[in-house]
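> Quick one: the structure is below, and I'll ask about it shortly.
The values are calculated or read from the model by the stated rules, or taken from the named source; none is laboratory data. Owing to the predicted nature of the structure, the values given are computational and were not obtained by experimental measurement. Reconstructed Cβ throughout: ideal geometry from the backbone, glycine too, with neighbour counts over all protein chains shown.
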Amino acid sequence: MSDNRINLRESLRQELIRISAEMNFKISFNNDLDNTLVDYLTVRFKLIDVKPRIVRFQKDLLADVFIGKHPKSKEIFRIANIARAGGNLNCFQSKKVLQTNFHDHLINEWRVHHLHLSFKEDKKSGFVKQGNTILFVYVMDTEIFFLGTDTHRKGVFGDEKWLRILHNEFPNVIEEFKAKGDIISVFPKVNAKERQDIWNKGFTMGMTEIEDTIYHGPGLGRMTSGHSTQAVMTKNNILRWIKVLEKQLNESSEIICKLFKIPIEYARFELRFDEKLVLVETTKEIILLEFNNRFKPIEELIALGDTLE
């Protein structure tokens, strides 16, 4: 089976057109699929998944917010409640997160997001209007850590204090990123402003020293193109997966259709982004595989098919 029913690269291109329109950001589809996909992933990895999370506060921030001492207590409480309820936090990010050529160094290096503490909405963009006070958060799948607030000052986005808070108050969160072996120090020593300048000039710093402990960057860093390492690695993995699937479908579509009770003459295969990237047979709307899974080898598929005779 080798026809337009199995063109997963084109299927993915069409899916990227659909989903970028839904998310209201622009991708250049004049580029080849490699560049289009990495553009999409650049935006996707800057966004915070919409799901309920446990909210954990840095202790001093919690005290200030709880007693109303913090000047942005109401805004911080609102964001915490949205996070607990599984609401969308992305409107509190900079509207530049939807730009494919905007590379957020703090996310790329340390996986730390910054949120604007405002109730005022920019009607055109749907994001809140930017103020001078911002909240720094570390986001995981089921938890979000409110690390602290600061102002838009030079060096704030390269300040190691965000990692130091995790190191001192939530050490289990970054335990896996501790450097192993004989690494005992990081050179050169840089301050927050110098680190931010280095990042802005397109360089990555793979490790950070916090109180005699060396950490690899939780965000994995960036490539020379400016794209996050995570986006480029994921792009390569997706394209390799597509190549394998197209080969398997061309070689084994008859037995695959038999196993899933799909009439071979009507079978159509597409890639779709749901919560995950999946391979779908469209005539019966069956999810066949999730990314990065493969079909079994053809010999095993044939043996399974024989049991249906």
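> If you check Ile79 against the conditions, is it surrounded by 18 or more Cβ atoms within 10 Å (Cβ to Cβ) and part of a helix (DSSP H, G or I)?
Against the criterion (surrounded by 18 or more Cβ atoms within 10 Å (Cβ to Cβ) and part of a helix (DSSP H, G or I)), Ile79 qualifies.
> Taking the range 284-309 as the region of interest, how many residues are at pLDDT 90 or above and among the polar types (S, T, N, Q)?
Final tally of qualifying residues: 2.
> Quickly run through the range 174-202 and pick out the residues that are over 22 Å from Val137 (Cβ atoms) and surrounded by fewer than 13 Cβ atoms within 10 Å (Cβ to Cβ).
Within the range 174-202, Lys180, Gly181, Asp182, Ile183, Ile184, Ser185, Phe187, Pro188, Lys189, Asn191, Lys201 qualify.
> In the range 175-220, how many are touching a strand residue (DSSP E or B) at 6+ places or on another chain (Cβ under 6 Å), among the aliphatic types (A, V, I, L, M) and closer than 23 Å to Met233 by Cβ?
Here the count works out to 4.
> I want to confirm something. Restricting to the range 249-276 and keeping residues that are closer than 17 Å to Leu12 by Cα and surrounded by fewer than 19 Cβ atoms within 10 Å (Cβ to Cβ), which single residue is farthest from the chain's Cα centre (by Cα)? So that I can check it myself, show each step before the final result.
Narrowing the range 249-276 to residues closer than 17 Å to Leu12 by Cα: 249, 268-276.
Filter again for surrounded by fewer than 19 Cβ atoms within 10 Å (Cβ to Cβ), leaving 268, 270, 272-276.
Values: Arg268: 29, Glu270: 23, Arg272: 17, Phe273: 14, Asp274: 14, Glu275: 12, Lys276: 12 Å.
Across the range 249-276, the extreme among qualifying residues is Arg268.
Yes/no matrix, rows are residues, columns are (1) within 19 Å of Val232 (Cα to Cα); (2) modelled with pLDDT of 95 or more; (3) in contact with a Gly (Cβ under 8 Å, 6 or more places away or on another chain):
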site: Leu37; (1), (2), (3): yes, no, no
site: Lys46; (1), (2), (3): yes, yes, no
site: Arg53; (1), (2), (3): no, yes, yes
site: Arg56; (1), (2), (3): no, yes, no
site: Lys59; (1), (2), (3): no, yes, no
site: Leu62; (1), (2), (3): no, yes, no
site: Ile67; (1), (2), (3): no, no, no
site: Glu75; (1), (2), (3): no, yes, no
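> Inside the range 1-71, counting only helices (runs of 4 or more DSSP H) that do not spill past its ends, which hold 2 or more residues that are within 19 Å of the chain's Cα centre (by Cα)?
Values: elements: 8-23, 33-44, 59-66.
Because the criterion is at least 2 residues that are within 19 Å of the chain's Cα centre (by Cα), the helices (runs of 4 or more DSSP H) in the range 1-71 that meet it are 8-23, 33-44.
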